[in-house]
Amino acid sequence: MEKEKQTQSPKRRRLVLVPCPYQGHITPMLQLGSFLHTVGGFSITVAHTRFNSLDPSNFPHFQFVYLDDRISEHEAIPADLIAVLLDLNVNCRASFEDEMRKLIAAESEDSGEVVAGVIHDELMFFCEEIASDLKLRSFVLRTTSAAASFARMTLVRLNDEGFLPLKESILQDPIPKLHPLRFKDLPISLTTNFTKYSTLIKKMYNMKTPTAAKAIIWNTMEWLEDSTIAEIKNKSIVPIFPIGPLHRMVSARTSVLKEDFNCLSWLDKQAHDVVIYVAIGSIVSLSEKEFGEMAWGLANSQQPFLWVVQPGAIRGSEWIEALPKGFRESVGGRGCIVKWAPQKQVLAHKAVGGFWSHCGWNSTMESLSEGVPMLCSPCFGDQKVNARYLSYIWRVGIQLENGLEKEAIENGIRRLMVGEESREMRERTKNFKEKIEAYVHKVDQCSSSTYLKELVSLLYSF
């Protein structure tokens with residue numbers, strides 16, 4: 001009998017991935033899962049909400065289970081994102097625990113697999129407690145920049161010191177101990193209910209109780225945020241794995257929305273480096289006036305443009321009915337508007353010379369990876385921190401500081417796309433692209449591939 005036990009094959013390891021159900025969070029989680037399956041040999045179960053659900057046929061090698069989120073589809077572009085996130089952490093608990101118990105029961109029936117752990121988005125913090133109760137190890141995936149996370153952690157201190165709620169009079173002032181950020185760059189707005197936001201932050205970063213997670217996985221690069229990551233590592237009681245940019249480590253179709261590949265044919269007809277690509281996020285909500293200002297800023301810049309306008313993004317409109325009168329005639333064939341685009345292919349296209357972006361972290365790293373400078377138009381949250389670093393520290397972007405005004409937009413596009421300032425910015429972004437290529441492929445202790453290998457070893461060590 002003892003001899004028979006020794007000859008049994010080791011059980012395959014299964015990981016359960018729990019993404020936050022918004023595009024900017026879904027993408028890196030599925031990219032990580034694809035890497036861990038393809039390179040690490042893990043079986044993957046994705047526990048996903050029915051809200052913003054994925055097409056499982058795009059991931060035939062994954063198992064999908066669904067969580068009872070009780071979030072309606074009309075909240076895909078939420079009026080109160082903080083409230084939705086807090087609701088998700090309450091609503092999904094019971095169904096997640098139920099699905100985990102089913103997986104553990106299947107494991108005990110000699111399925112040939114063992115559940116090795118749970119990797120959850122930092123915003124789906126309810127997973128950590130349930131995993132701990134079920135004697136499973138949990139790991140946190142952070143999908144923002146390290147600088148943005150550090151700024152979020154600092155908000156509680158700033159609140160205690162009396163800086164919150166923010167006052168108009170201090171918005172341009174530098175934040176003590178948080179260079180290079182100004183108060184206007186904080187991941188919070190003048191209208192944010194900080195009581196609610198504080199609850200979210202404290203739970204995300206385990207500010208009252210020690211974390212039960214075994215590691216923090218970060219979709220960033222150590223060389224890009226070296227001082228911030230070093231400070232976070234010094235304060236962390238668990239290992240930190242900066243494994244980004246994940247989109248360069250694995251290819252996976254992760255879009256919740258249907259991508260329009262016809263825009264690539266339109267780009268093929270354009271000259272090199274002349275098109276500005278415009279995409280300001282999957283959950284942005286614009287007024288008709290803001291939409292009109294964007295339209296005339298693009299038209300007046302005289303640059304060819306590819307513009308992503310998501311259905312429902314313009315308040316009161318289904319799609320682009322609110323385009324101002326005369327805009328189409330002014331633009332002619334110089335513009336292309338789509339509902340959603342294959343962004344990585346667009347940014348890699350020879351015709352694209354600039355990216356007007358909300359500066360979400362995925363978009364930021366995808367743009368840097370292709371050497372495309374950015375016009376920064378942050379809307380909320382971590383986007384404002386990223387925009388400040390892009391424009392002020394890395395100097396590969398130009399920030400629209402005063403909202404969406406057609407004159408500022410036209411001027412920003414011209415600065416980004418033509419002239420000496422544009423040429424210098426392109427040189428810097430080219431240098432970033434080369435550094436990212438080296439970081440992805442080199443094999444020393446400070447590279448994404450090395451950190452990913454160490455993560456796989458840690459997951460197998462349990």
Every residue from the stretch 380-392 that is under 18 Å from Glu366 (Cα atoms) and hydrophobic (A, V, I, L, M, F, W, C) = Val385, Ala387, Leu390
task = Determine the pairs where a residue that is open to solvent by 20 Å² or more (accessible area, probe 1.4 Å), located within the stretch 396-417, has a partner that is of a type in the set (D, E, K, R) with Cβ atoms under 7 Å apart, the partner being 6 or more residues away or on another chain.
result = Leu404/Glu290; Leu404/Glu293; Glu405/Glu293; Lys406/Glu293; Arg415/Glu421
ask   = Right, Leu155: under 20 Å from Gly360 (Cβ atoms), modelled with pLDDT of 95 or more, open to solvent by less than 60 Å² (accessible area, probe 1.4 Å) and of a type outside the set (Ser, Thr, Tyr) or not?
value = no
task = Collect the residues in the stretch 167-183 that are in a loop (DSSP other than H, G, I, E, B), closer than 21 Å to Tyr389 by Cβ and open to solvent by 20 Å² or more (accessible area, probe 1.4 Å), keeping them in residue-number order.
result = Leu171, Gln172, Asp173, Pro176, Lys177, His179
ask   = Looking only at the stretch 78-127, which residues are among the β-branched types (Val, Ile, Thr) and at pLDDT below 95?
value = Ile82, Val84, Ile104, Val114, Val115
task = Would you mind stating whether Ser369 is over 28 Å from Lys214 (Cα atoms) and within 16 Å of the chain's Cα centre (by Cα)?
result = yes
remark   = Here the residues within the stretch 121-160 that are of a type in the set (D, E, K, R), under 23 Å from Glu99 (Cβ atoms) and part of a helix (DSSP H, G or I) are Glu128, Glu129, Asp133
query = Which one of these does Arg142 not meet: (1) at pLDDT below 95; (2) surrounded by 17 or more Cβ atoms within 10 Å (Cβ to Cβ)?
reply = (1)
request  = Enumerate the pairs (first residue in the stretch 112-124 and in contact (Cβ under 8 Å) with a residue 60 or more places away in the chain and under 13 Å from Leu141 (Cα atoms); second residue anywhere and open to solvent by 10 Å² or more (accessible area, probe 1.4 Å) and acidic (Asp, Glu)) with beta-carbon separation below 9 Å, excluding pairs fewer than 6 apart on the same chain, so at least 6 apart or on different chains.
outcome  = Val118/Glu128; His120/Glu128
Single residue of Glu401, Glu434 found to be among the charged types (D, E, K, R) and farther than 21 Å from Leu224 by Cβ = Glu401
message = Report every pair of residues separated by at least 6 positions or lying on different chains whose Cβ atoms are under 7 Å apart, first residue within the stretch 440-451 and part of a helix (DSSP H, G or I) and open to solvent by less than 50 Å² (accessible area, probe 1.4 Å), second of a type outside the set (Ser, Thr, Tyr) and modelled with pLDDT under 85.
response = Ser449/His441; Ser449/Val443; Thr450/Val443; Thr450/Asp444
message = Considering only the stretch 212-220, I want to know if a residue exists there that is in contact (Cβ under 8 Å) with a residue 12 or more places away in the chain, surrounded by fewer than 20 Cβ atoms within 10 Å (Cβ to Cβ) and under 29 Å from Ser447 (Cα atoms).
response = yes
task = Pick out the one residue from Lys269, Lys203, Lys235 that is within 25 Å of Leu85 (Cα to Cα), open to solvent by 30 Å² or more (accessible area, probe 1.4 Å), of a type outside the set (A, V, I, L, M) and out of contact with any Leu (no Cβ under 8 Å at 6 or more places or on another chain).
result = Lys203
task = Tell me, yes or no, whether the stretch 184-191 has at least one residue that is open to solvent by less than 40 Å² (accessible area, probe 1.4 Å), touching a Leu at 6+ places or on another chain (Cβ under 6 Å) and closer than 17 Å to His25 by Cα.
result = no
task = Would you point out which residue out of Trp340, Trp361 is within 23 Å of Leu246 (Cβ to Cβ), open to solvent by 30 Å² or more (accessible area, probe 1.4 Å) and not β-branched (Val, Ile, Thr)?
result = Trp340
key: Scan of the stretch 301-311 for residues that are over 15 Å from Gln270 (Cα atoms) and surrounded by 15 or more Cβ atoms within 10 Å (Cβ to Cβ), ordered by number   = Ser301, Val308, Val309, Gln310
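The values are calculated or read from the model by the stated rules, or taken from the named source; none is laboratory data. Note that the structure is predicted; figures quoted are calculated from it, not measured. Here Cβ is always computed from backbone atoms with ideal geometry, including for glycine, and neighbour counts include all displayed protein chains. All accessible areas refer to the heavy atoms of the entire protein, side chains included, with ligands and DNA or RNA removed. Shrake-Rupley method; radii C 1.70, N 1.55, O 1.52, S 1.80 Å.
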